[in-house]
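Below is one structure, written out as structure tokens; comments come after it.
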Amino acid sequence: MTKPDKRVAVLSPIAWRTPPRQYGAWETVASNITEGLVARGWDVTLFASRDSVTRAHLHAVVDKGYEEDFAVDPKVAEYLHISEAFERAAEFDLIHSHYDFMALTYTRLVKTPVLTTIHGFSSAKIMPVYQKYRDGYFVSISDSDRAAGLNYLATVYNGIDLSLYPLQEPGGDDLIFLGRIHPDKGVHLAIEVARLSGMRLIIAGIIQDEAYFREQVKPHLDDQNILYIGPVGVPGKNELFARARALLHLNTIPERFGLVLVEANAAGVPVIAMDLGSCREVITDGQTGFLVDNVTEAVRALGRISEIDRRACRSRVRQYFSIDTMVEGYERVYSTIFDLEAKRRP
């Protein structure tokens, strides 16, 4: 294992603060990696918005994330941010990018090796960039979310800070949904499950698709049985976890990882998720929740929630999805990269 005597730059997204106040999965993971590396003795510089909170060296060219400051042009902010990291590349032994396909276009312009964690492929239209730079160094966040032909060094599951999500026992009677209000996340299906089961559903998250919210979510809101409370931060999540019988995650497309599934399980909340993508890697069917194929199966699974041991949910998160487990995985990847780079030197 490589000793932490190397200088690492972590390039975080800048849609939101790192870590985010509420929504921002990629920024959450970048923050957890950064803080985990620092705790293990690494010399880390975090490239993020200036209002970010970190124990690493913070380097910023943008005051706030562009989703939090609408006076900022997103593309201008992004390219000022990305270019700043690569212009300083010689100061680091490794750049660990969480910036999707855009940062890849800089990787051949510097000698410093670049590791890209792929947090998901947002569209088929971005794939030509990944294919052009397919010989770079890549990590996937689940085995299911991989593209053919890329030079993957490993799958490293996202890790969370378990101290932020205490075990909630015995739990409550509500169903909860946490995530983007978007067709991909199946909010309409969660509403249908609540209606068929006669249970109350509390919905929390940012509205990413206004038309979808207006047409398929808002008509069902009654402030009694189906409630929408907006985006929430960690305290708000814990309030929901304390009153939750189960988290509904009825995604309509293959899930890339599903950070909220881990957060819920950390609090002991069972998850009912569609068996698409990474859900079967994160949720153990019958032990930390249930994998389903449709609304009918989801309703049936609610009748079995009492079979789930909440402490077992948290125990599995501690074993597979903690910050320490994640950082150990990345340390192994870093060691592989440093060894490969050493062999390439004349």
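The values are calculated or read from the model by the stated rules, or taken from the named source; none is laboratory data. From a predicted model like this one, the values you see are computed outputs, not experimental measurements. We place every Cβ from the backbone using ideal geometry, glycine too, and count neighbours over all the protein chains shown. In case anyone asks, the SASA skips ligands and DNA or RNA and just uses the protein heavy atoms, side chains included. Shrake-Rupley method; radii C 1.70, N 1.55, O 1.52, S 1.80 Å.
Tell me, what % of the accessible area of the chain is carbon and sulfur with a 1.4 angstrom probe?
The C+S portion of the solvent-accessible surface of the chain is 48 percent.
Greater than 27 Å separation of Cα atoms is the criterion. Which listed pairs, 64/218; 111/132; 64/111; 132/343; 6/75; 75/343, meet it?
Numbers: 64/218 31 Å; 111/132 18 Å; 64/111 30 Å; 132/343 23 Å; 6/75 31 Å; 75/343 37 Å.
Long pairs (Cα-Cα over 27 Å): 64/218; 64/111; 6/75; 75/343.
In square angstrom, what is the accessible area per residue of segment 176-221 with a 1.4 angstrom probe?
Working: 1970 Å² over 46 residues.
Spelled out: the 1.4 Å probe surface of segment 176-221, per residue, equals 43 Å².
Given labels modelled 7 Å from the Cα in the Cβ direction, how far is it in nm from residue 305 to residue 57?
4.9 nm
First measure r as the distance between the Cβ atoms of residue 208 and residue 287, then evaluate 1/(1 + (r/R0)^6) with R0 = 30 Å and state the FRET efficiency to the nearest 0.05. Show your work: numbers first, answer last.
Details: r = 31 Å, r/R0 = 1.04.
Efficiency, from the Cβ-Cβ distance: 0.45.
Between residue 243 and residue 164, how many nm apart are label points set 7 Å from Cα along the C-beta direction?
2.2 nm
Taking 0.36 nm per residue of sequence separation and subtracting the Cα-Cα distance, how much length would be gained by fully extending the chain between residue 294 and residue 143, in nm to one decimal?
On the way: separation 151, 0.36 × 151 = 54.36 nm, distance 2.30 nm.
Extending this stretch completely gives an extra 52.1 nm.
What list of ³J(HN,Hα) values in whole Hz, one per residue of segment 46-63 in order, does the Karplus curve 6.51 cos²θ - 1.76 cosθ + 1.60 (θ = phi - 60°) give from phi, with Gly and Pro shown as x?
Listing the rounded values in order: 9, 9, 7, 5, 5, 8, 5, 10, 7, 8, 7, 5, 9, 10, 9, 10, 10, 5 Hz.
Starting from the Cα of residue 237, draw a straight line to each of the aspartates and glutamates and keep only those under 16 Å, dropping any in the same chain fewer than 8 residues away.
Those aspartates and glutamates meeting the cut-off are 161, 169, 173, 174, 263.
Which trypsin sites (Lys or Arg not before Pro) in segment 294-334 pass both tests, a DSSP loop state and at most 15 other beta-carbon atoms within 10 Å? Spell out each step's value before the answer.
Details: sites: 300, 304, 310, 311, 314, 316, 318, 332; in loops: 304.
Passing both the DSSP loop test and the Cβ count: 304.
Counting only heavy atoms of protein chains, what accessible area per residue, in Å², does segment 1-75 have with a probe of 1.4 Å?
45 Å²
How much length is gained if the chain between residue 7 and residue 90 is pulled fully straight, taking 0.36 nm per residue apart and subtracting their Cα-Cα distance, in nm to one decimal? Walk me through the intermediate numbers first.
Values: separation 83, 0.36 × 83 = 29.88 nm, distance 1.02 nm.
Taking residue 7 through residue 90 to full extension adds about 28.9 nm, to one decimal.
With a 1.4 Å probe and every protein chain left in place, work out the accessible area per residue of segment 113-167 in Å², rounded to a whole number. Numbers along the way, then the final one.
Values: 2240 Å² over 55 residues.
Each residue of segment 113-167 exposes 41 Å² on average to a 1.4 Å probe.
Modelled label-to-label distance, residue 336 and residue 131, 7 Å Cα→beta-carbon offset: nm?
The answer from the label model is 2.4 nm.
Where a Cα-Cα gap under 17 Å defines reach, which aspartates and glutamates qualify for residue 125, not counting those fewer than 8 residues away within the same chain?
Cα-Cα hits under 17 Å: 100, 145.
Would you compute, from DSSP H runs of 4+ residues alone, the mean residue ellipticity of the chain at 222 nm, taking -39500 (n - 2.57) per run and dividing by the full residue count, rounded to the nearest 500?
Mean residue ellipticity, 222 nm, calculated: -9500 deg cm²/dmol.
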